[in-house]
Amino acid sequence: QFPLGRRLPCDIYWHGVSFHDNDIFSGQVNKFPGMTEMVRKITLSRAVRTMQDLFPLEYNFYPRSWILPEELPLFVAEVRMMKDSDPSWKPTFIVKPDGGCQGDGIYLIKDPSDIRLTGSIQSRPAVVQEYICKPLLVDKLKFDIRLYVLLKSLEPLEIYIAKDGLSRFCTEPYQEPTLKNLHQVFMHLTNYSLNIHSGNFIHSDNVNTGSKRTFSSILCRLSSRGADVKKLWSDIISLVIKTIIALTPELKVYYQSDIPAGKPGPTCFQILGFDILLMKNLKPMLLEVNANPSMRIEHEQELSPGVFENVPSPVDEEVKVAVIRDTLRLVDPQKKKRKDTHTAEVLLFQVQFCRLVCLCSYLENKVNIRYDYFMCCRCQTLEHVSEANEELLDAGPADRPENDAGRSPEAALPSLCLKQVFPKYAKQFNYLRLVDRVAALFIRFLGVKGTTKLGPTGFRTFIRNCKLSNSSFSMAAVDILYIDITRRWNSVGIDHKESGMCLQAFVEAFFCLAQKKYKSLPLHEQVAALIDCCEYHLAALDEKRLVGGRG
């Protein structure tokens, strides 16, 4: 642990909160720049909504959402219209503060007029969503799933999903929402940080019982009832891949801003926590994505009033230690360098490090201190090896136990708990990556390295180079389009540190241009056609410049 930083470079930097915890110029960092901002409730909702506009059926795993306060009039109008068209519709909505976590500030309402407008919405924006009234119940209790996902690389995109996760239960039997039970958080909200304060919360040493269980134990139970568990897993994998595809365009903009192409800098990876709710028909629904999922493997137990003891949690340990261990195995920088001659030092340190991260995750929450965790895999720099292990490591091959001879440390570890899902299933999902290609155009015309906003000159250059202006769409109309869309996005609280057009505004402008140019096609075909057109003209321009350069 290096709370004040470290001079010597490391292979892997384990940051407690975000990419910017320290200035890193090499190695690998366990955070992506911009990830914390991208998975906030409003930003996630916007990213998924963009994909829903393009592919409504493929992105129907995210509840219908409205952003407050900017979309409050729209929310009121749409709910009124739906009620008028179907008088039997009795909806429930859930309001989630944008920056909230651990259930803080969440509440349920039956009507838009119930939204608490006492100034907090203006100072603390929120998302309001349709509440899922018919969840799958186990033992008459509502529960959600926390799945751990490793985003190993953005370019090329590489995604892994842990084969097991956590199931977190409410502590009061579920009933569909009514005006009488709307405020019963232990019935409706699955957050562990809330339910642990319930008198009905059960800590269990058994992964199959209690208020927190392994997801695999739920799957076994469903399978015994005849449920199609393979299809459920397939749907969950699809949900995860599609969600990350929705997030990657803006992540790439943040990435090029902090780590410009062609300059030395670190590479990134990150463990994400996906919170998923199963409906009664086993359809998985995305609740939210966590950039900093808790890796704590123990819980507090009150021995006497005011006296607490930290008690190990076998369920947490079984799932979380495996996730961290196998993340380190996958990003291990020495893996490429060695074939059969791996030293035992790295293996030993990885095991110790997994437990250190889980422990420090608890400390970070407990004392509100941001720690940075640094791991150096270089064999000569290990400092925490016990004397007994040092003797074994210093011994030559002849001095080591026979059963260790010629055996790689990987063989001593369990099989990977992290399963690659992308690029493994890339062929099934690449057609969804339209906004990724739009983001590539946006980044190309940013001009100044390190910026995330497109200026008016850059936008005009984009239009000109892609040959999008004509007699019916003059450069004056281009300027008006740029000003109108940029002004609207800047008015809704998007980053004001830089002036110019953000990626979301550029995507809106691009969709508008696509609809003007290809009027008779569905939106996703319009956008795909315009992307092809732009890429064709830019490739021709690059070829022309290349030939001119040779000349």
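Data overview
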{"item": "Top-ranked residue of segment 20-49 - restricted to ones that are touching a Gly at 6+ places or on another chain (Cβ under 8 Å) and closer than 18 Å to Asn290 by Cβ, ranked as least open to solvent (accessible area, probe 1.4 Å)", "result": "Lys41"}
{"item": "Candidate set from segment 78-117 (those that are under 26 Å from Ala246 (Cβ atoms) and in a helix (DSSP H, G or I)); member that is most open to solvent (accessible area, probe 1.4 Å)", "result": "Glu78"}
{"item": "Residue in segment 244-253 that is open to solvent by less than 30 Å² (accessible area, probe 1.4 Å), in a loop (DSSP other than H, G, I, E, B), farther than 21 Å from Leu330 by Cα and aliphatic (A, V, I, L, M) present", "result": "no"}
{"item": "Flag for Leu166 being in contact with a Ser or Thr (Cβ under 8 Å, 6 or more places away or on another chain) and at pLDDT 90 or above", "result": "yes"}
{"item": "Some residue of segment 278-294 being open to solvent by 10 Å² or more (accessible area, probe 1.4 Å), in contact (Cβ under 8 Å) with a residue 12 or more places away in the chain and among the β-branched types (Val, Ile, Thr)", "result": "no"}
{"item": "Residues located in segment 512-523, provided they are assigned to a helix (DSSP H, G or I) and surrounded by fewer than 19 Cβ atoms within 10 Å (Cβ to Cβ)", "result": "Cys512, Gln515, Lys516, Lys517, Leu523"}
{"item": "Residue that is farthest from Asp275 (Cα to Cα), among those in segment 51-71 that are open to solvent by less than 40 Å² (accessible area, probe 1.4 Å) and not in a loop (DSSP other than H, G, I, E, B)", "result": "Leu54"}
{"item": "Residue under evaluation Gly273, criteria (1) assigned to a loop (DSSP other than H, G, I, E, B); (2) open to solvent by less than 40 Å² (accessible area, probe 1.4 Å), criterion not met", "result": "(1)"}
{"item": "Sole residue being touching an Asp or Glu at 6+ places or on another chain (Cβ under 8 Å), open to solvent by 40 Å² or more (accessible area, probe 1.4 Å) and more than 24 Å from Ile145 (Cβ to Cβ), chosen from Glu298, Glu318, Glu309", "result": "Glu309"}
{"item": "Residue match in segment 415-433 (condition: part of a helix (DSSP H, G or I), touching a residue at least 24 places away in the same chain (Cβ under 8 Å) and either of a type in the set (Val, Ile, Thr) or touching a Gly at 6+ places or on another chain (Cβ under 9 Å) (or both))", "result": "no"}
{"item": "Where a residue in segment 218-240 is outside any helix (DSSP H, G or I) and its partner, wherever it lies, is modelled with pLDDT of 95 or more and of a type in the set (A, V, I, L, M), with Cβ under 7 Å and at least six apart", "result": "Ala227/Leu282"}
{"item": "Any hit, segment 493-507, residues being aromatic (Phe, Trp, Tyr), assigned to a helix (DSSP H, G or I) and either more than 20 Å from Tyr255 (Cβ to Cβ) or in contact with an Asp or Glu (Cβ under 8 Å, 6 or more places away or on another chain) (or both)", "result": "no"}
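The values are calculated or read from the model by the stated rules, or taken from the named source; none is laboratory data. Note that the structure is a prediction, hence the values are computed from the model and not measured. No Cβ is skipped: glycine too gets one built from the backbone with ideal geometry, and neighbour counts run over all protein chains shown. When the accessible area is computed, the model is the full protein with side chains, heavy atoms only, and any ligands, DNA or RNA have been set aside. Shrake-Rupley method; radii C 1.70, N 1.55, O 1.52, S 1.80 Å.
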